[in-house]
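K.L.:
This is the structure I have questions about; it appears just below.
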């Protein structure tokens, strides 16, 4: 199983974002480093620009995506993936998630029930275009997040 | 010599290269060269008709262009072409 380590502060920020945007889906990018395993240290909240049905769908402005690539370059970080929430649904990728997913990226999904983030899981596409779950480890130390 | 900027998730198909410098003179030609040099990128970039996939956006500078309509657009040494995946998902 692939492994992804998450800095506590960044993970808390993702959980908070998911709760603040409830009952709609939230979304954002995350960054860090990759050597033997992935380590998420930075997140960037992004607006869900889906015009309708934001409780079940998210969409990110391509300009935000371009800014995220530049942010990673400027800060010498690896652009590791995308997070989003599933309000009142499990933290498991849907068929829709799979159909539009990209290779390489990790997809962190937060399940939100009754406005509270209850479960966080991370997924990555395999060579057969199916999602494999990543082992998720929360790092206890506080890392600077900007 | 136009420059094509390759997004992070597709760099696994370009030996982690972030960009391709091309001497092609049209957008269409530049994209064709990218696919020729890195054939593994094809299935993530082009659909079964050889067109850019609907969830991949192409920018010249800061302007989005539709390669299906603007494939013949001229590119030169100052042109920066960005391939930008449209990010979406949900239940």
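Coordinate-derived values only; no laboratory data. Since the structure is predicted, the reported quantities are computational estimates derived from the model, not experimental observations. All Cβ positions, glycine included, derive from the backbone under ideal geometry; neighbour counts span all protein chains shown.
K.L.:
Roughly how many Å is it from the Cα centre of the range B:18-91 to that of the range A:54-96, as a whole number?
P.N.:
When both Cα centres are located, 21 Å separates them.
K.L.:
What's the exposure ranking of B:58, B:65, going from fewest to most Cβ atoms within 10 Å?
P.N.:
B:65, B:58
K.L.:
In nanometres, what is the gap between the two model label sites at residue A:129 and residue A:52, each 7 Å from Cα along Cα-to-Cβ?
P.N.:
Placing both labels 7 Å along Cα→Cβ, they lie 2.7 nm apart.
K.L.:
Related question: Please tell me the relative contact order of the range A:3-139 in percent, rounded to the nearest whole number, where contacts are Cα pairs under 8 Å and at least six residues apart.
P.N.:
It comes to 27 percent, rounded to a whole number.
K.L.:
For the pair residue A:61/residue B:25, report the inter-label distance in nm, with labels modelled 7 Å from Cα in the Cβ direction.
P.N.:
It is 3.8 nm.
K.L.:
Shape verdict for the range A:3-139, please, from the Cα gyration tensor: rounded (a/c under 1.5), prolate (a/b greater than b/c) or oblate. Please report the intermediate quantities before stating the final value.
P.N.:
Working: a/c = 1.30, a/b = 1.24, b/c = 1.05.
Judged from the Cα gyration tensor, the range A:3-139 comes out rounded (a/c under 1.5).
K.L.:
Label residue A:113 and residue A:137 with points 7 Å out from Cα along Cα→Cβ: what is the distance between them in nm?
P.N.:
The answer from the label model is 2.8 nm.
K.L.:
I need A:58, A:37 ordered by Cβ neighbour count within 10 Å, fewest first.
P.N.:
Working: A:58 26, A:37 13.
Listing A:58, A:37 from fewest to most nearby Cβ atoms yields A:37, A:58.
K.L.:
A follow-up question, please. For the residues A:84, A:89, A:17, what sequence is obtained by ranking on other C-beta atoms within 10 Å, fewest first?
P.N.:
A:89, A:17, A:84
K.L.:
Within a 10 angstrom radius of each residue's Cβ in B:56-62, how many Cβ atoms of other chains show up on average? Whole number is fine.
P.N.:
Partner-chain Cβ atoms within 10 Å, mean over residues of B:56-62: 2.
K.L.:
For residue A:74, put the label point 7 Å out on the Cα→Cβ axis and report which residues of the range A:1-38 keep their amide N under 20 Å from it.
P.N.:
A:28-33
K.L.:
Nearest 5 percent is fine: what portion of the DSSP beta bridges confined to the protein assembly as shown is antiparallel? Don't skip to the end; give the middle numbers.
P.N.:
Values: 44 of 62 bridges.
If we restrict to bridges inside the protein assembly as shown, about 70 percent are antiparallel.
K.L.:
Can you give the direction-averaged projected area of the convex hull of the alpha-carbon atoms in the protein assembly as shown, in nm²?
P.N.:
Over all viewing directions, the protein assembly as shown projects a mean Cα-hull area of 12.8 nm².
K.L.:
Let me know the shape class of the range B:2-85, please: from the alpha-carbon gyration tensor, a ≥ b ≥ c as square roots of the eigenvalues, rounded when a/c is under 1.5, otherwise prolate if a/b is greater than b/c, or oblate. Could the numbers behind the result be given before it?
P.N.:
Numbers: a/c = 1.42, a/b = 1.15, b/c = 1.23.
Rounded.
K.L.:
So if R0 is 45 Å, what FRET efficiency would residue B:74 and residue A:35 give, r being the distance between their Cβ atoms, rounded to the nearest 0.05? Working shown, then result.
P.N.:
Details: r = 42 Å, r/R0 = 0.94.
Here the calculated transfer efficiency is 0.60.
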